[in-house]
Structure formats: C-alpha cells, structure tokens
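Engineer: Sharing a structure below in structure tokens format, with a few things to ask.
The values are calculated or read from the model by the stated rules, or taken from the named source; none is laboratory data. Values in this document were obtained by computation on a predicted structure and should not be read as measured data. Cβ sites come from the backbone with ideal geometry, for glycine too, and all protein chains shown count toward neighbours.
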Amino acid sequence: MSRAYRPPEVIMLEPNYSKSADIWSLGCIIAEILLILHGQLSGDSGSKMASFLFTSRSCYPLSPIANEEKPGEEDHLKVILEILGD
C-alpha cells in the first residue's frame, strides 16, 4: 500500500483495525480522482495526474527518514492532521 493511502490506525501500528482502513484508502483515491477531474473540467492545466491528497516524506514509525528518531514536520500523520484538523 502506498504511503499516501495509509490510514491513521495503520500508521499508529494498531494491531486490530477494521474495514474502515480500506474505506480510508478508497476515499483518498476517489478524492484524488475528483480533484483531477475538477482540474480538467475547469481548464486548470496545472493539475498533475501523479499528485496525492496527502503528500509526506516519512511515515513514522513505519518508514522513518534515515537517522531521525522522531517524526519530522513532513511526517504523514502530521500532514493528515494539518489538513483534516486535530
């Protein structure tokens, strides 16, 4: 699974999670498709096909950046919380 579609419970290493994790990933994909379509319909030539809804450099503790012991500012969970709120 791409980092861009990881739900918060998977990032937090929750051993038991439900179908909601799959729904989160599906929701991210649908949102990206809608954003791309909206950009094409509005004539926005700057829309990128490879853009993700949540972009980050690391996904601590699953895939931290080398030599980092704690999450950085561009950590996936921090990006999600910035966009969606606490």
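Engineer: Look at Ser56 and say whether it is modelled with pLDDT of 75 or more and in a loop (DSSP other than H, G, I, E, B).
Structural biologist: Values: modelled with pLDDT of 75 or more: yes; in a loop (DSSP other than H, G, I, E, B): yes.
Answer is yes for this residue.
Engineer: Ok, one more. Is it the case that segment 72-81 has a residue that's loosely packed, with under 11 Cβ neighbours inside 10 Å and either modelled with pLDDT of 85 or more or small (Gly, Ala, Ser) (or both)?
Structural biologist: Residues of segment 72-81 that are loosely packed, with under 11 Cβ neighbours inside 10 Å, as a first pass: 73.
The next check asks that each one be either modelled with pLDDT of 85 or more or small (Gly, Ala, Ser) (or both); those that pass are none.
Looking for residues that are loosely packed, with under 11 Cβ neighbours inside 10 Å and either modelled with pLDDT of 85 or more or small (Gly, Ala, Ser) (or both), one finds none in segment 72-81, hence no.
Engineer: In the list Ser25, Ser18, Ser2, Ser45, which residue meets the criterion of being exposed (fewer than 11 other Cβ atoms within 10 Å of the Cβ) and modelled with pLDDT of 85 or more? First the steps, then the outcome.
Structural biologist: On the way: Ser25 fails: exposed (fewer than 11 other Cβ atoms within 10 Å of the Cβ); Ser2 fails: modelled with pLDDT of 85 or more; Ser45 fails: modelled with pLDDT of 85 or more.
Sole residue among the options that is exposed (fewer than 11 other Cβ atoms within 10 Å of the Cβ) and modelled with pLDDT of 85 or more: Ser18.
Engineer: If we keep just the residues of segment 1-26 that are assigned to a loop (DSSP other than H, G, I, E, B) and among the charged types (D, E, K, R), which is farthest from His76 (Cα to Cα)? Show your work before the answer.
Structural biologist: Residues of segment 1-26 assigned to a loop (DSSP other than H, G, I, E, B): 1-2, 6-7, 12-19.
Going one step further and asking which of them are among the charged types (D, E, K, R), we end up with 6, 14, 19.
Numbers: Arg6: 9, Glu14: 16, Lys19: 21 Å.
Once the filter is applied, the top-ranked residue is Lys19.
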